[in-house]
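Novice: Sharing a structure below in structure tokens format, with a few things to ask.
The values are calculated or read from the model by the stated rules, or taken from the named source; none is laboratory data. Here the structure is a predicted model, which is why all the values come from computation and not from measurement. Note that we place each Cβ from the backbone using ideal geometry, even for glycine, and neighbour counts take in every protein chain shown.
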Amino acid sequence: MGVTGFTRPAQLAAGMRLEGFSSGQAFVDGWLAARAAKAKARGSAVVYVSHRAGADSASEPPAGFYTLSSASVERDLIGGAWLKRNAPAQVPVILLGVLGVDSRYQGSGLGRMLLHDASLRALSIADSLGAKALVVDPVGGDAEAFYARYGFECIPGLERMFVPLSRWGK
């Protein structure tokens, strides 16, 4: 991927410091601070974090993070053809719920690396569980442009974007 200086994303562990993470997006920062540990404990999302290489995760906040969870999209709400073609009433997908990069590391390629890692994990999950696409709920125009750059398309009729998992070899 060409990104150096960061650890491979790993699941959030007890004792990892989250305070001090600042992406410049209030929703993203607030979610990490207030909900990440709860989502892990409740089993509603798995949080993956990446740190600056050599950082002590107990004393330094993550450089970036993302979340994955299982989800579905109601077929009758989808306006386009591909995602709902030959699909059940609830189309199984993997949700990339939140992705954030600390403002100190924005522009370093870390966001691209996190998205790539999330995509590979989603593909692996889909091979075991079954899912048609990786779905995101972009927050703001910058996020929409970021995901579009990597092949995500708007889901007609919804405020979500998707990319077929077949794009990664499924």
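Novice: Among the listed residues 103, 124, identify the single one that is more than 16 Å from residue 152 (Cβ to Cβ), more than 16 Å from the chain's Cα centre (by Cα) and hydroxyl-bearing (Ser, Thr, Tyr).
Specialist: The unique qualifying residue is 103.
Novice: List pairs: first residue in region 122-148 and at positive phi, second residue surrounded by 14 or more Cβ atoms within 10 Å (Cβ to Cβ) and of a type outside the set (Phe, Trp, Tyr) anywhere in the structure, Cβ distance under 7 angstrom, at least six positions apart or on different chains.
Specialist: If the second residue must be surrounded by 14 or more Cβ atoms within 10 Å (Cβ to Cβ) and of a type outside the set (Phe, Trp, Tyr), the pairs left are 130/92.
Novice: Also: Where residues in region 77-92 are of a type outside the set (D, E, K, R) and touching a helix residue (DSSP H, G or I) at 6+ places or on another chain (Cβ under 9 Å), which of them is surrounded by the fewest Cβ atoms within 10 Å (Cβ to Cβ)?
Specialist: Ranking the qualifying residues of region 77-92, first place goes to 89.
Novice: Among (1) part of a helix (DSSP H, G or I); (2) surrounded by fewer than 18 Cβ atoms within 10 Å (Cβ to Cβ); (3) touching a strand residue (DSSP E or B) at 6+ places or on another chain (Cβ under 9 Å), where does residue 41 come up short?
Specialist: Every condition holds for residue 41 apart from (3).
Novice: Read through the list (1) buried (at least 21 other Cβ atoms within 10 Å of the Cβ); (2) at pLDDT below 95, then give the number of the only condition that residue 59 fails.
Specialist: With respect to (1) buried (at least 21 other Cβ atoms within 10 Å of the Cβ); (2) at pLDDT below 95, residue 59 is out only on (1).
Novice: Consider region 63-93. How many of its residues are closer than 15 Å to residue 114 by Cα and in contact with a Lys or Arg (Cβ under 8 Å, 6 or more places away or on another chain)?
Specialist: Number satisfying all stated conditions: 2.
Novice: Consider residue 74 against the criteria (1) over 13 Å from the mean Cα position of the chain (by Cα); (2) closer than 22 Å to residue 146 by Cα: it satisfies all of them except one. Which criterion is unmet?
Specialist: Here residue 74 clears every test but (2).
Novice: Same structure, new question: Here is a list: 59, 72. Which entry is out of contact with any Cys (no Cβ under 8 Å at 6 or more places or on another chain), in a strand (DSSP E or B) and either without any contact (Cβ under 8 Å) to a residue 40 or more places away in the chain or not hydrophobic (A, V, I, L, M, F, W, C) (or both)?
Specialist: 72
Residue-wise test of (1) at pLDDT 90 or above; (2) farther than 14 Å from residue 119 by Cα; (3) assigned to a loop (DSSP other than H, G, I, E, B).
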{"residue": "145", "(1), (2), (3)": "yes, yes, no"}
{"residue": "157", "(1), (2), (3)": "no, yes, yes"}
{"residue": "162", "(1), (2), (3)": "yes, no, no"}
{"residue": "167", "(1), (2), (3)": "no, no, no"}
